[in-house]
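Derivation of every value follows stated rules applied to the coordinates shown; laboratory data play no part. Here the structure is a predicted model, which is why all the values come from computation and not from measurement. Here the Cβ is made from the backbone with ideal geometry for all residues, glycine too, and neighbour counts use every protein chain on show.
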Amino acid sequence: MENVTLNTGNQMPLVGFGTFRIQGYEVIYQCLDAALQHGYRSFDTATVYNNEADMGRALKVLLPKHGLTRQDIFITSKLAPKDHGQDAEAAGLRSLAALDCDYLDLYLIHWPGKQGWKREDLRNRESRRQSWESLEKLKQAGSFRAIGVSNYTVDHLKELLAGCQVHPAVLQVEYHPLLVQLDLLHFCQEAGIHLQAYSSLGVGTLVQRDEIKRVAERCRRTPAQVLLRWAVQQGIGVIPKSTSPAHIAENFQLSDFALSAPDVEELSKLHSDTHYCWDPTTVA
Ligand SMILES: NC(=O)c1ccc[n+]([C@@H]2O[C@H](COP(=O)([O-])OP(=O)(O)OC[C@H]3O[C@@H](n4cnc5c(N)ncnc54)[C@H](OP(=O)(O)O)[C@@H]3O)[C@@H](O)[C@H]2O)c1
């Protein structure tokens, strides 16, 4: 599967492996083992997923098993919303230590607001500005190769771009045929920020939709492959999560078919502003 070149010059695989709700060393080990075997080279975690240490431990065993080194894979983690502000630098270093790495390929601010504060609390602005400064510092120090944000709206991005020293490389947001965030996509394209989708499968629910199944039958692929290909074909990264070895394999087999332009359009018309995760639009 192809890579995207980030604005840092680093390459990031367009298809990665999501690890939200995958916990416990044995489970993580088995999932990462299957993912590496089927070709995944990018792994998405976060402090709040509570699996960084198990991932780090599993990768130490799995990389040599698959004939790989740290440089062959791309690891993303994220700042927990509770660590926004003054605690951000220490929190970033804790992620690095938990994953037992010398560097992370990408580190994201997980959420634009601080945990425990109301969404409309204006202190969120100063707090995320401080967090970004810490991420810039850790990038400068070589701890992070690239830095970015998650769940930011166009307004959050404009505010960040107006005051940052280091341009964000990636925006990770919920994006699928029922949530086609075109304003955000176009803003990112113009600003040189790579948009990476999460919950591409609607946390598993979209694969059951008749409209998706119909396109899948036409393409002779599975609904999950159609949903992932729909994004990848538009240059949007994906990070499907699965604990099933068959699904893990299936979700990486995206490069041997393409959706027709009418298929892409038919899927995009399903947009209904549906969030399966969280909606950050009210965060000040
Ligand atoms: N930045 C953020 O705020 C944020 C928020 C949410 C997610 N994320 C990231 O994005 C990743 C993916 O999102 P997600 O975990 O919310 O959901 P997702 O990838 O949309 O869906 C995962 C669900 O789909 C099922 N599934 C996977 N492959 C399938 C297939 N081929 N056929 C049928 N069902 C399939 C999985 O079940 P099985 O395990 O049984 O296969 C699981 O229940 C996360 O793991 C995380 O890394 C980030």
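Of all residues in the range 47-78, count the ones that are within 13 Å of the ligand (Cβ to nearest atom), assigned to a loop (DSSP other than H, G, I, E, B) and surrounded by fewer than 23 Cβ atoms within 10 Å (Cβ to Cβ).
Of the residues in that region, 1 qualify.
Kindly indicate which of ARG94, ARG145 is part of a strand (DSSP E or B) and closer than 30 Å to GLN30 by Cα.
Residue meeting the stated conditions: ARG145.
Residues in the range 217-229: is at least one more than 30 Å from GLY9 (Cα to Cα) and under 18 Å from the mean Cα position of the chain (by Cα)?
Looking through the range 217-229, at least one residue is more than 30 Å from GLY9 (Cα to Cα) and under 18 Å from the mean Cα position of the chain (by Cα).
Have a look at LEU160, LEU122, LEU135 and point out the one that is hydrophobic (A, V, I, L, M, F, W, C) and closer than 20 Å to ARG94 by Cα.
Unique residue meeting the criteria: LEU135.
I'd like to verify a number: residues in the range 97-128 that are within 14 Å of the ligand (Cβ to nearest atom) and in a strand (DSSP E or B), how many?
Final tally of qualifying residues: 4.
Which one is nearest to ILE193 (Cα to Cα) among residues in the range 230-250 that are within 12 Å of the ligand (Cβ to nearest atom) and part of a helix (DSSP H, G or I)?
ALA231
Which one of SER200, SER131 is hydroxyl-bearing (Ser, Thr, Tyr), in a loop (DSSP other than H, G, I, E, B) and either surrounded by fewer than 20 Cβ atoms within 10 Å (Cβ to Cβ) or under 19 Å from the mean Cα position of the chain (by Cα) (or both)?
Going through SER200, SER131 in turn, just one is hydroxyl-bearing (Ser, Thr, Tyr), in a loop (DSSP other than H, G, I, E, B) and either surrounded by fewer than 20 Cβ atoms within 10 Å (Cβ to Cβ) or under 19 Å from the mean Cα position of the chain (by Cα) (or both): SER200.
Could you give every pair whose Cβ atoms fall below 6 Å, whose first residue belongs to the range 265-277 and is within 16 Å of the ligand (Cβ to nearest atom), and whose second residue is of a type in the set (Phe, Trp, Tyr), counting only separations of at least 6 or pairs across chains?
Between residues of the range 265-277 that are within 16 Å of the ligand (Cβ to nearest atom) and residues that are of a type in the set (Phe, Trp, Tyr), the close pairs are LEU267/TRP230.
Would you be able to tell me the number of residues in the range 1-37 that are assigned to a helix (DSSP H, G or I), surrounded by fewer than 19 Cβ atoms within 10 Å (Cβ to Cβ) and within 12 Å of the ligand (Cβ to nearest atom)?
The total comes to 2.
If you go through the range 148-181, how many residues are closer than 24 Å to PHE17 by Cα and more than 14 Å from the ligand (Cβ to nearest atom)?
Total meeting the criteria: 2.
Of all residues in the range 161-197 being in a strand (DSSP E or B) and of a type in the set (Val, Ile, Thr), which is surrounded by the fewest Cβ atoms within 10 Å (Cβ to Cβ)?
VAL173
If you scan the range 95-128, which residues turn out to be buried (at least 17 other Cβ atoms within 10 Å of the Cβ), under 17 Å from ASN50 (Cα atoms) and over 18 Å from the mean Cα position of the chain (by Cα)?
ALA98, CYS101 - these are the residues of the range 95-128 that are buried (at least 17 other Cβ atoms within 10 Å of the Cβ), under 17 Å from ASN50 (Cα atoms) and over 18 Å from the mean Cα position of the chain (by Cα).
Can you tell me which residue within the range 232-253, out of those that are of a type in the set (Gly, Ala, Ser) and over 18 Å from the mean Cα position of the chain (by Cα), is surrounded by the fewest Cβ atoms within 10 Å (Cβ to Cβ)?
ALA246
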